[in-house]
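Asks: Below you'll find the structure I mean.
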There are 2 protein chains.
Amino acid sequence: MPRAKCPKCQITERILKSGIIRDKQRFYCKDCNYHFTLLHDGKKQKNETKKNNRPTSLKDIAQAAGISISTVSRALNNHPDISLETRNNIKQLATSMDYHPNILAQSLVNRSTQSLGVIIPNLETTFFSSMLGGIQHIAAKSGYRVVICQSDENHMTEVANLQALMNNMIDGLLICHTLYTNTFDHVKMQMNKGIPIVQFYRVSEELKLPKIYSDDENGAFQITEHLINKGCKKIALLLGPKAISINNRLNGYLKALRMHGINKDENLIKHVDFSYNAVIAAVDEWLNLEPEIDAIFSISDKCAVQIIRHLKNKNIKIPGHISVCGFGNEYTGEIVEPQLTTFDVRTRLIGEAAAKLLLEQIIDKKTKNESIMIDGKIIIRESTRK
Amino acid sequence: MPRAKCPKCQITERILKSGIIRDKQRFYCKDCNYHFTLLHDGKKQKNETKKNNRPTSLKDIAQAAGISISTVSRALNNHPDISLETRNNIKQLATSMDYHPNILAQSLVNRSTQSLGVIIPNLETTFFSSMLGGIQHIAAKSGYRVVICQSDENHMTEVANLQALMNNMIDGLLICHTLYTNTFDHVKMQMNKGIPIVQFYRVSEELKLPKIYSDDENGAFQITEHLINKGCKKIALLLGPKAISINNRLNGYLKALRMHGINKDENLIKHVDFSYNAVIAAVDEWLNLEPEIDAIFSISDKCAVQIIRHLKNKNIKIPGHISVCGFGNEYTGEIVEPQLTTFDVRTRLIGEAAAKLLLEQIIDKKTKNESIMIDGKIIIRESTRK
DNA sequence: AATGTTTGCGCAAACGTTTGCGATAGATAT
DNA sequence: ATATCTATCGCAAACGTTTGCGCAAACATT
């Protein structure tokens with residue numbers, strides 16, 4: 001190994017090895033009392049190309065104009081301290097140099113990123129993606145970006161997403177919980193950070209946060225009452241997993257039964273995850289009941305459509321024999337035959353309301369505790385007409 | 001107005017007004033040659049609460065441990081320069097102080113934000129949202145966040161979104177163009193910034209960028225040939241607006257006709273925007289043709305479903321009288337009666353492939369020019385069975 | 001001419017990281 | 001004991017902004 005040469009005094013004697021530093025051999029020149037390592041020759045080149053590739057900064061403009069960075073900043077931000085003349089000059093120079101502010105740096109100093117975080121169970125069902133559409137729409141109107149994380153109906157993913165988003169990435173959070181989320185410590189831990197949070201659609205009463213409710217109890221009541229008015233007496237109710245506030249749909253169902261003097265029958269109420277097999281199994285059990293059921297109210301349109309197809313395969317007339325109702329008003333309910341009676345929860349409006357409520361908090365800088373219910377509307381179609 | 005008091009010498013005489021600065025009256029004390037303004041009394045309080053509200057930083061940990069910031073940083077990043085002992089101590093202290101790195105600051109110095117940008121025409125149709133799901137899935141696996149902008153099929157919005165995203169917010173961009181995007185200067189302007197871009201689904205040959213194609217031409221060919229094999233001879237083709245590469249579906253259609261010796265008939269090819277009225281109008285025109293058409297091939301499943309319902313309203317038998325095909329394999333095609341023959345373009349796979357291709361470029365730090373085609377699959381259902 | 005006021009700009013700190021290099025106390029080799 | 005090496009840490013610059021304050025020159029008022 002050739003002896004190292006000191007970059008200062010250029011001698012090769014009296015050079016000592018001085019440990020390995022950052023994976024590079026280090027030397028020490030006794031003459032000039034100088035530590036050094038052998039530089040990669042690519043370094044200088046790298047430095048040059050780096051400079052050239054960088055987007056123009058305030059500094060570049062300042063240098064080009066021969067003024068200070070602060071003046072450039074103020075000029076571009078229309079600060080009154082800067083004369084009209086220099087302001088115009090600088091603006092012109094900035095556009096000619098294709099300047100665009102570095103949002104990261106701005107966010108760092110302003111402590112605001114102009115973006116909202118969304119945690120949502122799923123992106124691919126229209127039910128959720130239309131909420132997302134509403135959020136996006138409102139956010140964009142106020143100049144906010146949207147960072148989306150999908151929890152995939154997985155609680156641990158929700159926790160991880162929350163963690164990731166809350167580290168200075170976002171000015172506010174919109175969250176719609178997983179079906180299986182029943183502990184909320186991960187949210188509680190974030191509630192003192194000063195970043196407003198709004199729960200939407202699937203909310204938890206355990207958390208003192210503003211919420212956007214869908215009109216579930218009333219909707220379920222209306223659907224059930226509609227079935228009763230159509231003469232149904234044994235109305236089966238298909239619910240999702242036992243979780244969160246969604247199950248106040250059960251309350252609406254029970255309330256309608258009560259008001260019309262129909263006794264609750266535990267056999268007619270089933271909880272399932274939303275898998276196809278579980279849905280079909282539940283329906284088949286009901287079909288074996290005596291006396292026969294005359295209606296199925298599914299908490300989800302998707303399941304309701306599956307049920308309709310299943311019943312048709314079994315040559316069971318809808319609504320002649322059994323009426324079927326869904327919940328949510330997805331597009332498929334309009335396509336299936338017979339068309340599905342359902343309850344429109346106005347998912348897009350929910351998203352919009354959530355985003356609005358969040359933005360209010362961000363802009364006014366105070367945490368509200370207001371909660372909003374989005375009214376829905378029953379949609380009566382063929383699957384319950386007799 | 002009471003005279004101002006100099007905060008240094010505490011006198012009230014010899015105080016001069018000295019202009020308005022930052023919207024506050026400014027004073028000058030002749031005695032101590034000192035400029036000052038009347039401070040809002042809330043300032044100190046604000047300063048305190050601010051400090052308390054802030055998340056813990058490296059500085060806080062360093063102060064608590066009595067060491068330097070750099071040591072803390074290196075310890076938490078497992079840098080070998082730090083002894084195991086201090087490293088463990090610092091890590092423990094960090095978790096006990098609930099430290100989480102400020103991603104903005106990291107991004108600023110590392111010049112990387114660990115997030116991908118997506119520009120997509122629409123969030124609310126399953127067709128696009130499932131692509132988005134694929135993107136999200138792959139990005140999350142590599143620890144990347146996703147920032148989503150929806151262009152709403154509006155060219156100007158696409159341009160604005162692009163501008164906003166490319167200012168240091170993202171490490172790479174996935175873009176699916178608007179139906180009406182036919183100039184691409186806004187993209188060209190961003191191509192030299194060193195941020196990799198991948199086009200997906202709706203791509204433009206005008207841009208020298210890696211692309212993810214769907215198997216459109218082949219798909220249209222297969223659908224058309226399938227119709228011909230079923231005995232159809234007058235096959236109407238419903239296309240979207242004249243734009244981008246999507247229209248090589250037209251090529252597939254024409255190729256199939258050619259191969260089977262069927263002459264092209266201009267009357268059978270119509271371009272429409274995807275509005276309901278335009279679709280129905282096109283179909284009605286076709287229905288008046290002589291000799292009668294025996295098939296309709298719609299470029300979009302959504303329109304195909306509308307067409308089926310329209311034909312059924314007119315008591316036209318499907319496929320007995322007219323066969324109907326769609327393109328895309330949306331869920332509604334399975335629900336509608338008769339079930340829709342269509343072509344599965346595997347939207348989710350397209351999203352995944354796009355994200356993978358982008359991530360490769362980001363991680364390898366070199367811009368590729370590879371393009372990928374995602375194979376689709378024809379799905380034959382009732383709407384073409386005779 | 002003297003004094004008071006305003007305008008227009010620059011300096012430097014701050015935001016929270018990462019990292020090249022300097023520095024020193026102890027370990028090891030001679 | 002001395003010369004050499006190593007391990008471990010701190011200093012300070014850098015990333016690109018915003019902003020409180022200082023200050024000189026220009027302007028306005030006596």
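The values are calculated or read from the model by the stated rules, or taken from the named source; none is laboratory data. Just so it is clear, the model here is predicted, and its values are computed rather than measured. In this analysis, Cβ positions are derived from the backbone assuming ideal geometry, glycine residues included, and neighbour counts consider all displayed protein chains. What goes into the accessible areas is simple: the full protein's heavy atoms, side chains included, and nothing from ligands, DNA or RNA. Shrake-Rupley method; radii C 1.70, N 1.55, O 1.52, S 1.80 Å.
Asks: For A:His137, what charge total do you get from the other residues with a beta carbon under 12 Å from its beta carbon, if Lys and Arg give +1 and Asp and Glu give -1?
Replies: 0
Asks: For the peptides B:100-111, B:191-202, what is the packing order when you average, over each peptide's residues, the other Cβ atoms within 10 Å and list the highest mean first?
Replies: B:191-202, B:100-111
Asks: Shifting gears a bit: So which residues in the range A:112-137 end up with at least 50 square angstrom less accessible surface once the other protein chains are there, compared with the chain by itself, probe 1.4 angstrom?
Replies: A:Leu123, A:Glu124, A:Gln136
Asks: Can you tell me the mean projection area, over all orientations, of the convex hull of the range B:80-229's alpha carbons? Units nm², please.
Replies: Answer in nm², one decimal: 13.6.
Asks: Okay, next question. Considering amide H positions built from the backbone, and no H for Pro or chain starts, which residues 5 or more places from B:Asp215, or on another chain, come under 5 Å of its amide H?
Replies: It is B:Ile374, B:Gly376, by chain and number.
Asks: Can you list residues from other chains, or at least 5 along the same chain, whose modelled amide H is less than 5 Å from the amide H of A:Asp152?
Replies: A:Asn122
Asks: Please compute, for peptide B:187-200, the average count of beta-carbon atoms on other protein chains lying within 10 Å of each residue's beta-carbon.
Replies: Details: counts 0, 0, 1, 0, 0, 1, 5, 3, 0, 0, 0, 0, 0, 0.
Per-residue shielding by partner chains comes out at 1.
Asks: What percent do you get for the relative contact order of the range A:55-101 when only Cα pairs under 8 Å and 6+ apart count?
Replies: Dividing the mean separation by the residue count of the range A:55-101 yields 47 percent.
Asks: Additional query: For B:His271 and B:Gln63 in one chain, what is 0.36 nm times their gap in residues minus the Cα-Cα distance, to one decimal in nm?
Replies: In short, 68.0 nm is gained.
Asks: In cubic angstrom, how much convex hull volume per residue do the alpha carbon atoms of the range A:216-344 span?
Replies: 95
Asks: Pull up all non-local amide H partners of A:Cys325: gap of 5 or more, or a different chain, and H-to-H distance under 5 Å with H placed in the peptide plane.
Replies: Distant-sequence amide H within range of A:Cys325: A:Ile296, A:Phe297, A:Ser298.
Asks: Oh, and also: Given a 1.4 Å probe, how much area per residue of the range A:108-234 is accessible, in Å²?
Replies: 33
Asks: Could I ask something else about it? Which number do you get for Rg(Cα) / (2.2 N^0.38 Å) in the range A:324-386?
Replies: Here the Cα radius of gyration is 1.56 times the empirical estimate.
Asks: Of the peptides A:326-338, B:72-84, how do they stack up when ordered by the mean number of other Cβ atoms within 10 Å, highest first? Let's see the in-between values first.
Replies: Numbers: A:326-338: 23.1, B:72-84: 15.1.
Output ranking for A:326-338, B:72-84: A:326-338, B:72-84.
Asks: Set the bar at 24 Å for Cα to Cα. Now go through B:Lys193/B:Lys368; B:Lys230/B:Lys264; A:Lys211/A:Lys365 and name every pair that lies beyond it.
Replies: none
Asks: A further question follows. With +1 on each Lys and Arg Cβ and -1 on each Asp and Glu Cβ, and nothing else charged, work out how big the dipole of the range A:216-344 is about its Cα centre, in Debye to the nearest 20.
Replies: Charge dipole of the range A:216-344: 180 debye, to the nearest 20.
Asks: Which whole number gives the average count of other chain Cβ atoms within 10 Å of the Cβ atoms across peptide A:92-104?
Replies: For peptide A:92-104, the averaged partner shielding equals 3.
Asks: Give the peptides B:343-350, A:179-186 in descending order of average Cβ contacts within 10 Å, highest first.
Replies: Descending mean neighbour count gives B:343-350, A:179-186.
Asks: Let me ask something additional. Add +1 for every Lys or Arg and -1 for every Asp or Glu among the other residues with Cβ under 13 Å from the Cβ of B:Gly66, and state the total.
Replies: So the surrounding residues net to 0.
Asks: Right, another one. Taking each residue in A:163-174, count the Cβ atoms of any other chain within 10 Å of its Cβ, then average. What number comes out?
Replies: Values: counts 1, 6, 2, 3, 7, 9, 9, 0, 0, 0, 0, 0.
What the average comes to for A:163-174 is 3.
Asks: Using only Cα atoms, locate the centre of the range A:124-149 and the centre of the range B:51-118, then give the distance between them in Å, rounded to an integer.
Replies: The range A:124-149 and the range B:51-118 have Cα centres spaced 33 Å from each other.
Asks: Using θ = phi - 60° and the Karplus form 6.51 cos²θ - 1.76 cosθ + 1.60, what ³J(HN,Hα) does each residue of the range A:118-125 get, whole Hz, x for Gly and Pro?
Replies: Each residue's phi maps through the Karplus curve to give 10, 10, 9, x, 7, 9, 9, 9 Hz.
Asks: So if I take the centroid of the Cα atoms in the range B:200-233 and the same for the range A:190-260, what is the distance between those two points in Å?
Replies: Here the answer is 45 Å between Cα centres.
Asks: If you take the accessible area of B alone plus A alone and subtract the pair, what total do you get in square angstrom, rounded to 100, with a 1.4 Å probe?
Replies: About 4800 Å² of accessible surface is lost on pairing.
Asks: With a cut-off of 8 Å between alpha carbons and a minimum separation of six or more residues, what is the relative contact order of the range B:268-322 in percent? Could you put the intermediate results ahead of the total?
Replies: Numbers: 28 pairs, mean separation 17.0, N = 55.
About 31 percent, as a whole number.
Asks: Quick one: if the Förster radius is 45 Å, what FRET efficiency do A:Glu290 and A:Lys368 give, using the C-beta to C-beta distance and rounding to 0.05?
Replies: 0.30
Asks: Something else: What is the calculated FRET efficiency for A:Lys188 to A:Asn88, with r their C-beta to C-beta distance and R₀ = 35 Å, to the nearest 0.05?
Replies: 0.10
Asks: Which of A:Ala282, A:Tyr213, A:Ile307 sits closest to the plus end of the dipole of the range A:183-338, meaning its Cα is farthest towards the positive end, when Lys and Arg get +1 and Asp and Glu get -1 on the C-beta?
Replies: A:Tyr213
Asks: When the Kirkwood hydrodynamic radius is evaluated over all pairs of different C-alpha atoms of the range A:280-386, what value in angstrom, to one decimal, is obtained?
Replies: 15.6
Asks: Taking a label point 7 Å from Cα toward Cβ, how far is B:Pro80 from its twins in the other copies, in nm, shortest first?
Replies: Distances to the matching label points in the other copies: 6.0 nm.
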